[in-house]
Amino acid sequence: MVYRKYREIKQWGKINTKLYKRAAKAYNKIPLPKFEVPEAVKAAGVVVHNPNDPSFWKQFEASKPLPEGALHPALAAPVIQTHPLYNTTPAYVFESFEPFSDGVDQACNLINAVKIEGLPKAVTEVQHNLLRNTAEEDVRDCILQGERYDPTLEKLERRHDKILFWVSHPVLHGTPVLKRNNIILEALYRKVLLAAVKEGQLNGLRSDRDQYISATLTTGRFAEAPLIIRGQPHLVVQADKPLVPWAKPDEIEASKGQTVPSVAPIDPLIDLSLSNLYNGTALVPRANIPGLFIDTLLTTRQQSQKYPWTTEQNAANAIVQCFGAALAQATRNLRRDKIAELGELKEPVVAKTVQLVDGRLDLVAVQLNNLNLEAGNGEAKNFVWYEKGLRLYKPKPFWENMDTVEELNMDAFHQFVALLLKR
Amino acid sequence: MLSRAVTLSRVSAQPCVALQFTRNYPARGTKPKPRLLWDERHLEEITGGEYTHQPLRVNRLGGRDPDTGRKVNQHIGGGVKFDYFMVDFHRRGPTDSEATYDERVLEVRRDANRSSHIALVAGSKGKRWILATENMHAGQIIKTSGYIPPNPVIGIEGNAYPLGALGVGTLVNCIERFPTTDSDVFVIAAGMAGVVVRHQGNFVVVRLPHKHEFSMHNTCMATVGRLSHAEFHDKIFGSANMHRRFGYKMSSGLYHKKDGYCGRKIRPLPPTRVLDKPEEEEPPCQQFTFTKRQLGHHFGTAATHPLVTQTVFRF
C-alpha cells in the first residue's frame with residue numbers, strides 16, 4: 001500500500017464523499033484540446049493575448065520605485081568586462097587543466113616541432129665531477145626531505161580505492177603531494193646547483209618560486225584568437241646568458257624537409273580552453289631586470305586518484321610548458337603588435353623543463369626556431385627533445401609514511417644533472 | 001477508479017446469459033514510467049545547458065518525481081555517489097557523398113550510470129563520450145556520415161549512418177526517434193541492437209530488441225553494431241550489500257496481495273508505429289493566487305462603479 005502521510009481527522013458526514021471526489025478528479029483530468037486561434041480571427045487581424053504567458057500580467061503590475069542607493073556602484077554585481085585582464089577577443093589557453101588527448105604527438109603538432117625521443121648525446125655524455133662520491137646518499141636525502149622530514153600537517157584529500165569504491169577511508173593529515181614533490185625537486189636542484197657552483201659551473205642563476213609565467217602568440221592561425229600558455233611552476237630559473245641552441249644551423253635547415261607528427265582526425269586545439277581573461281604580452285618573473293634569460297622550469301603535478309594522467313599526457317604537459325617558457329623568453333618585453341610580426345627567429349631560443357609527477361621525471365628541452373606554427377614544407381620547424389616517465393624512485397601511496405627510498409634509479413638523476421648543466 | 005463492464009448476450013433458445021468482463025483494478029504495467037535516476041535540472045544548472053566530457057557530480061532523485069517528491073520508481077535509492085559522464089547519443093555528419101566526420105576512440109570504460117560501456121572519442125570539434133559498440137577499442141577511427149546513397153551501404157561497426165543508408169538486416173543502436181538533436185534514442189542497453197527491417201519511401205522500419213517495430217525518418221542517425229558489455233545481464237552482484245552500493249534497494253519483504261498483474265502475458269505485437277512528428281508539449285497549467293484586494297470589487301480590473309454596487313433593486 002502506498003504510504004499515506006495524512007489522514008482525515010473525522011468523517012464529514014453520512015455521505016460517501018469519496019464518490020464525489022473520485023468523480024471530480026476524473027472530470028478534472030479530462031484534458032481539453034489546446035486552444036488554437038481560429039483562422040478567421042487571425043485573418044481579421046485581431047490581437048489575441050495569452051494569459052498563460054507570465055509577461056501578460058506584467059502590464060498590471062505597478063512599477064516599484066528602487067530604494068535609495070540601490071544603483072550605487074558598490075552594490076553592482078561584478079561583471080567580467082571589468083576584470084583587469086579582460087580582452088574582447090577570446091584566446092586559446094593552456095594551463096595544465098586538461099590533458100592532451102594524443103599526448104606528445106599532439107603537443108609537437110601544436111607547437112610545430114620535430115619530435116626527438118631522448119636527450120642528445122652531447123648533453124647526456126658530458127663528464128662532470130659533481131657529487132661524485134655522495135650522489136646516492138644525497139638524492140635519498142633530498143627525496144626524504146619531501147616525503148618524510150617535512151613537518152606540514154594539512155588535511156590530505158580522501159583516499160579513494162578504485163576496487164573497493166564504497167569504503168570511506170579516514171581523513172589523514174600530512175604534507176600535500178604537490179608540496180612534497182616541490183620540496184623534492186627544489187632539494188635536488190639546490191644540491192646540484194651548490195655542487196656545480198663549487199666547480200665553477202651554473203654561475204649567475206636566479207630562481208623564483210611559485211611565480212606566474214604566461215606567454216602569448218598571435219601569429220598565423222592565432223592572429224584572431226591568440227594562443228596563451230600559462231602556469232605557475234615551482235621554480236623558474238633564469239640566467240644572465242641565453243642558452244646556446246642545441247640544434248646547429250644545418251639541422252635547422254634540414255628540418256625544413258621534416259614533418260611534424262600528425263594527429264588526424266584530432267585537432268590539436270580541442271584540449272585548449274577559450275577564455276577572455278589573459279595577458280596580452282609575456283609575463284615573466286623579474287621582467288623589469290634587464291639581461292636575464294629563462295633557463296629552466298622545475299614543475300610538479302599531482303595525479304588525480306580517479307583519473308590519473310598517463311605518461312604520454314604528463315610528457316605532453318611538460319613539453320607545452322617548456323614551449324611556453326621559450327615563447328615567453330622570445331617575446332619578452334615585446335608589445336602585442338610586435339609579437340604578431342614574429343616568424344623565423346634569427347637567434348633560436350632554447351628552454352628546458354623538469355617535471356616531477358608521482359616519482360617520475362620528465363626532462364624536456366625545446367628549441368624555438370620559427371614562431372609561425374603553421375609552417376609547412378620548406379620552412380624551419382621547432383625541436384623537442386624529451387625523456388618521459390624516468391622513474392627516479394618508487395613513491396608510496398600518499399596515505400602511507402615513507403621510511404626509506406625504494407628502487408632509487410640514479411640514471412634518472414644523472415640525466416637530470418646533465419640537463420641542468422647543459423647551457 | 002471507474003470500472004469497465006462489457007456485456008455479451010447470445011441469441012439462443014435458452015434464456016440470455018450476460019457475461020461480464022470487469023477489471024476492478026486500474027491498468028498497470030501497460031505504459032512505461034520515466035526512470036528518475038539523476039536530476040536533469042541539476043545537470044542543466046551545473047553545465048549551463050552545454051555539453052562537457054568532464055566527470056560531474058549530479059544530484060540523484062532515487063526514483064522520486066522532482067516536482068511532487070513522490071516515489072515513482074521502486075527499488076532505487078542510496079548507493080555510492082558515482083561520477084556522471086554526459087553521453088552524446090546523437091552523431092552528426094556531413095551530407096556530402098564523400099565527406100565523413102572522423103573521430104578517434106581514446107578510451108573505452110565502464111560507466112556506473114548505464115549498462116553498456118562508454119567510449120571517449122576525439123575529433124576536430126572536440127571530445128565527447130558515446131556508447132561503445134561491441135568491438136570498439138582505443139585507437140580505432142570511427143566515421144559519421146549524413147549522406148543517403150542511392151543504394152544502401154554495408155555499415156561498418158562503430159560508424160554512424162542515416163537509417164536510409166543502411167541495408168536490410170543491419171544491426172543498429174542509438175537510433176534517433178526523430179531527426180533532431182534533442183529527440184530520444186532507441187536501444188541503449190548493453191548487448192542490445194535493433195534490426196533494419198525494410199525501407200518504405202522516406203521512412204525506415206526498425207525492429208527493436210523487444211520485437212516492436214517503429215517506422216522512422218530515413219534521415220534519423222543510427223550507429224551500426226551491437227552495444228558493448230553484453231555479459232552485463234549475466235553478472236551477479238555477489239551480495240545484498242553490493243546491490244545497495246550500486247543504488248538498488250530491497251525488492252521483497254512486504255506482503256503482496258495477489259492482484260493478477262504478475263505472470264507472462266501473451267499478447268499480439270502492436271502494428272508498426274510511425275514516428276512522423278514529435279508530440280507537441282502541452283502548455284503547462286498556470287496557477288494564480290490573488291490577494292484579497294485583487295479579489296475584491298473595489299480596485300483593479302474588477303472595480304465596479306458604486307452606482308452599480310450600491311443600487312438596491314426592489315421588486
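Inside region A:50-74, residues that are more than 13 Å from chain B (Cβ to nearest Cβ) and either assigned to a loop (DSSP other than H, G, I, E, B) or in contact with a His (Cβ under 8 Å, 6 or more places away or on another chain) (or both) make up a count of 10.
The set of residues in region B:66-98 that are part of a loop (DSSP other than H, G, I, E, B), away from chain A (no Cβ under 12 Å) and without any contact (Cβ under 8 Å) to a residue 60 or more places away in the chain comprises B:Pro66, B:Asp67, B:Thr68, B:Asn73, B:Met86, B:Asp88, B:Pro94, B:Thr95, B:Asp96, B:Ser97, B:Glu98. Residues of region A:154-177 that are within 27 Å of A:Leu144 (Cβ to Cβ) and loosely packed, with under 14 Cβ neighbours inside 10 Å: A:Glu154, A:Lys155, A:Arg158, A:His160, A:Asp161, A:His169, A:Pro170, A:Val171, A:His173.
Among the residues of region B:283-315, those that are assigned to a loop (DSSP other than H, G, I, E, B), away from every other protein chain (no Cβ under 14 Å), exposed (fewer than 10 other Cβ atoms within 10 Å of the Cβ) and of a type outside the set (Val, Ile, Thr) comprise B:His305, B:Gln310, B:Phe313, B:Arg314, B:Phe315. Taking first residues from region A:286-314 that are within 14 Å of chain B (Cβ to nearest Cβ) and outside any helix (DSSP H, G or I) and partners that are surrounded by 16 or more Cβ atoms within 10 Å (Cβ to Cβ) and among the small types (Gly, Ala, Ser), the Cβ contacts under 8 Å between residues at least 6 apart in sequence or on separate chains come to A:Thr310/A:Gly103. Scanning region A:9-34 for residues that are exposed (fewer than 10 other Cβ atoms within 10 Å of the Cβ) and within 14 Å of chain B (Cβ to nearest Cβ) turns up A:Lys18, A:Leu19, A:Tyr27, A:Asn28, A:Lys29, A:Ile30, A:Pro31, A:Leu32, A:Pro33, A:Lys34. Just one of (1) under 30 Å from A:Ser273 (Cβ atoms); (2) charged (D, E, K, R); (3) more than 18 Å from the chain's Cα centre (by Cα) fails for B:Arg114. It is (3). In region A:139-149, the condition of being in contact with a Pro (Cβ under 6 Å, 6 or more places away or on another chain), away from chain B (no Cβ under 13 Å), modelled with pLDDT of 95 or more and over 30 Å from B:His243 (Cβ atoms) is met by no residue. Filtering B:Lys127, B:Lys143 for residues that are within 14 Å of chain A (Cβ to nearest Cβ), modelled with pLDDT of 95 or more and touching a Leu at 6+ places or on another chain (Cβ under 9 Å) leaves a single hit, B:Lys127. Selection over region B:166-196 of residues that are in contact (Cβ under 8 Å) with a residue 40 or more places away in the chain and not in a loop (DSSP other than H, G, I, E, B) gives a count of 7. Does at least one position in region B:129-139 carry a residue that is aliphatic (A, V, I, L, M), surrounded by fewer than 17 Cβ atoms within 10 Å (Cβ to Cβ), in contact (Cβ under 8 Å) with a residue 24 or more places away in the chain and within 22 Å of A:Glu98 (Cα to Cα)? Scanning region B:129-139 turns up at least one residue that is aliphatic (A, V, I, L, M), surrounded by fewer than 17 Cβ atoms within 10 Å (Cβ to Cβ), in contact (Cβ under 8 Å) with a residue 24 or more places away in the chain and within 22 Å of A:Glu98 (Cα to Cα).
Filtering region A:311-347 to residues that are within 18 Å of A:Glu224 (Cα to Cα) and of a type in the set (D, E, K, R) leaves A:Arg335, A:Arg336, A:Asp337, A:Lys338, A:Glu341.
Can you confirm whether A:Arg190 is free of Cβ contacts under 8 Å to residues at least 60 places away in the same chain and touching a His at 6+ places or on another chain (Cβ under 9 Å)? Outline the logic, then answer.
On the way: free of Cβ contacts under 8 Å to residues at least 60 places away in the same chain: yes; touching a His at 6+ places or on another chain (Cβ under 9 Å): no.
Taking the combined requirement at face value, the residue does not satisfy it.
Scanning region A:285-342 for residues that are buried (at least 18 other Cβ atoms within 10 Å of the Cβ), closer than 24 Å to A:Ala239 by Cα and small (Gly, Ala, Ser) turns up A:Ala318, A:Gly324, A:Ala325, A:Ala326, A:Ala328, A:Ala330. Evaluation of A:Ile266 against the conditions (1) within 14 Å of another protein chain (Cβ to nearest Cβ); (2) surrounded by 15 or more Cβ atoms within 10 Å (Cβ to Cβ); (3) in a strand (DSSP E or B) shows that the sole unmet condition is (3). Condition test on B:Arg57, is it at pLDDT 95 or above and in contact with a Cys (Cβ under 9 Å, 6 or more places away or on another chain)? The answer is no for B:Arg57.
With respect to B:Arg273, is the statement that it is within 14 Å of another protein chain (Cβ to nearest Cβ), touching a residue at least 24 places away in the same chain (Cβ under 8 Å) and surrounded by 10 or more Cβ atoms within 10 Å (Cβ to Cβ) true? Against the criterion (within 14 Å of another protein chain (Cβ to nearest Cβ), touching a residue at least 24 places away in the same chain (Cβ under 8 Å) and surrounded by 10 or more Cβ atoms within 10 Å (Cβ to Cβ)), B:Arg273 does not qualify.
Evaluation of B:Glu231 against the conditions (1) touching a residue at least 40 places away in the same chain (Cβ under 8 Å); (2) within 12 Å of another protein chain (Cβ to nearest Cβ) shows that the sole unmet condition is (2). B:Phe203 falls short on exactly one of the conditions (1) among the hydrophobic types (A, V, I, L, M, F, W, C); (2) out of contact with any helix residue (DSSP H, G or I) (no Cβ under 9 Å at 6 or more places or on another chain); (3) closer than 12 Å to B:Leu163 by Cβ, and that condition is (2).
Within region A:35-55, the set of residues being farther than 15 Å from B:Pro283 by Cα and either surrounded by 10 or more Cβ atoms within 10 Å (Cβ to Cβ) or among the aromatic types (Phe, Trp, Tyr) (or both) comprises A:Pro38, A:Val41, A:Lys42, A:Val46. Please determine whether any residue of region A:397-420 is touching a Cys at 6+ places or on another chain (Cβ under 7 Å) and not in a helix (DSSP H, G or I). No: region A:397-420 contains no residue that is touching a Cys at 6+ places or on another chain (Cβ under 7 Å) and not in a helix (DSSP H, G or I). When we screen B:Leu36, B:Leu43 for residues that are in contact with a Lys or Arg (Cβ under 9 Å, 6 or more places away or on another chain), more than 11 Å from every other protein chain (Cβ to nearest Cβ) and under 24 Å from B:Thr180 (Cβ atoms), the only hit is B:Leu36. Exactly one residue out of A:Leu277, A:Leu272 is within 14 Å of another protein chain (Cβ to nearest Cβ) and either touching an Asp or Glu at 6+ places or on another chain (Cβ under 6 Å) or surrounded by fewer than 24 Cβ atoms within 10 Å (Cβ to Cβ) (or both): that is A:Leu272.
Taken over region B:99-124, the residue count meeting the criterion of being touching a strand residue (DSSP E or B) at 6+ places or on another chain (Cβ under 8 Å), more than 9 Å from every other protein chain (Cβ to nearest Cβ) and farther than 27 Å from B:Trp38 by Cα is 1.
The values are calculated or read from the model by the stated rules, or taken from the named source; none is laboratory data. Nothing here was measured: the structure is a model prediction, and the numbers come from that model. Every residue, glycine as well, gets a Cβ built from its backbone with ideal geometry; the counts of neighbours run over all protein chains shown.
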